[in-house]
Amino acid sequence: MIRPFKPSDLDELMLIWLKTNCEAHHYIAKSYWESNFENVKELLPQATIMVAENKQTHKIEGFIGTMATFIAGIFVDSASQSNGIGKLLLDSAKAHSSELLLEVYQKNTKAIAFYQREDFVITAEKHDEDTNEAALVMKWTKTKD
């Protein structure tokens with residue numbers, strides 16, 4: 001089930017954030033993510049966060065953070081990936097917006113393919129100064145019925 005963030009979720013979300021960033025972005029030093037942990041923990045509650053929670057176990061399996069129409073990130077625990085959780089989280093954001101933007105590292109081909117399947121298109125390329133990595137800007141626009 002998808003539900004709004006509760007302050008008591010924060011520690012579990014941060015563990016998912018750190019683990020999935022290290023796994024998905026193996027080309028970026030783990031120390032980069034570790035050094036940003038406390039800053040992200042402080043900023044995360046300022047975003048609109050939706051949480052994917054397993055109905056049976058009540059375990060948090062992932063979350064999405066948005067700021068207006070910008071998706072700051074979708075994070076799904078590795079044990080729960082490829083089970084449709086990312087799509088459910090993305091659909092929850094799509095339901096509340098007519099347009100969404102995000103940035104994804106160019107080397108994260110699995111994420112790029114996921115977003116393209118979900119009708120995001122690449123609109124620009126940029127350079128992430130913090131990581132010295134190429135990134136893509138992607139955009140989704142709701143189709144008129």
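For residue 106, what is the net charge nearby, where nearby means another residue's Cβ is under 14 Å from its Cβ and Lys, Arg count +1, Asp, Glu -1?
Residues close to residue 106 contribute a combined charge of -1.
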Rounded percent of accessible protein surface that carbon and sulfur make up, segment 1-134, 1.4 Å probe: 53 percent
Under 15 Å, Cβ to Cβ, from residue 127 - net charge with Lys/Arg +1 and Asp/Glu -1: -4
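Give 87/142; 87/139; 94/144; 41/139; 19/110; 87/110 a once-over and call out the pairs whose C-alpha atoms are over 20 Å from each other.
Cα-Cα > 20 Å for 41/139; rest within.
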Projected label distance in nm at residue 127 and residue 39, using a 7 Å step from Cα toward the beta-carbon: 1.9 nm
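To the nearest 20 debye, what is the magnitude of the charge dipole of segment 26-70 about its Cα centre, counting +1 on the Cβ of each Lys and Arg and -1 on the Cβ of each Asp and Glu? Before the final figure, lay out the partial values.
Numbers: 4 positive and 5 negative charges, 27 e Å.
Computed about the Cα centre, the dipole is about 120 debye.
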Relative contact order for the chain, counting Cα pairs under 8 Å that sit 6 or more residues apart, in percent: 19 percent
For residue 106, distant residues with modelled amide H under 5 Å away: 134, 135, 136
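May I ask you to give the solvent-accessible area per residue for segment 1-110, in square angstrom, as obtained with a 1.4 angstrom probe?
Values: 5990 Å² over 110 residues.
Ligands and nucleic acids excluded, the figure is 54 Å² per residue.
The values are calculated or read from the model by the stated rules, or taken from the named source; none is laboratory data. All values reported here derive from a predicted model rather than from experimental measurement. Here the Cβ is made from the backbone with ideal geometry for all residues, glycine too, and neighbour counts use every protein chain on show. Quick note on the areas: whole protein, heavy atoms, side chains included, nothing else; ligands and nucleic acids left out. Shrake-Rupley method; radii C 1.70, N 1.55, O 1.52, S 1.80 Å.
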